[in-house]
Amino acid sequence: MFLEAVGSVLLGFALSWTAAHRLSDRLPARRTVLVTGPVGALFGAFLTHSALGPGHVLATLFGAVVVATVLLSLLLRPAGRLRRSAA
């Protein structure tokens, strides 16, 4: 369980660092992004471990990455201005 938690935090941090590096213009403050990834991954690991039980390390880490990705995607802003019709 401890290694799953550490692994998920490291994967979440790597994911958030990559997102902050590649999408810096569409994300909020860097600190917010770098905290959201590991926290989301830790929550995802907890959720997946609770659902599957012990002995499913790869599935738990996969669940951690999925939840971290979803939380980071919620931080994204639209790429450009939204166009509204003048109707």
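The values are calculated or read from the model by the stated rules, or taken from the named source; none is laboratory data. It should be emphasised that the depicted structure is a prediction, and the values quoted were computed from it without experimental measurement. Every residue, glycine among them, receives a Cβ derived from its backbone with ideal geometry; neighbour counts consider all protein chains shown.
Within the stretch 1-52, the residues that satisfy the criterion of being in contact (Cβ under 8 Å) with a residue 40 or more places away in the chain, of a type in the set (S, T, N, Q) and either exposed (fewer than 15 other Cβ atoms within 10 Å of the Cβ) or under 21 Å from Pro78 (Cβ atoms) (or both) are Ser16, Thr32. Quick one: would you say Ser73 is more than 12 Å from the chain's Cα centre (by Cα) and assigned to a helix (DSSP H, G or I)? When the stated conditions are applied, Ser73 does not pass them. Asp25 meets all of the listed conditions (1) more than 10 Å from the chain's Cα centre (by Cα); (2) part of a helix (DSSP H, G or I); (3) not β-branched (Val, Ile, Thr) but one, namely (2). Kindly evaluate Pro38 against the criterion of being out of contact with any Lys or Arg (no Cβ under 7 Å at 6 or more places or on another chain), in a loop (DSSP other than H, G, I, E, B) and not hydroxyl-bearing (Ser, Thr, Tyr). Against the criterion (out of contact with any Lys or Arg (no Cβ under 7 Å at 6 or more places or on another chain), in a loop (DSSP other than H, G, I, E, B) and not hydroxyl-bearing (Ser, Thr, Tyr)), Pro38 does not qualify.
Yes/no matrix, rows are residues, columns are (1) modelled with pLDDT under 90; (2) of a type outside the set (Phe, Trp, Tyr):
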| residue | (1), (2) |
| --- | --- |
| Phe13 | no, no |
| His21 | no, yes |
| Val33 | no, yes |
| His49 | no, yes |
| Thr60 | no, yes |
| Leu71 | no, yes |
| Ala79 | yes, yes |
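The single condition from (1) out of contact with any Lys or Arg (no Cβ under 7 Å at 6 or more places or on another chain); (2) hydrophobic (A, V, I, L, M, F, W, C); (3) assigned to a helix (DSSP H, G or I) that Ala20 fails is (1).
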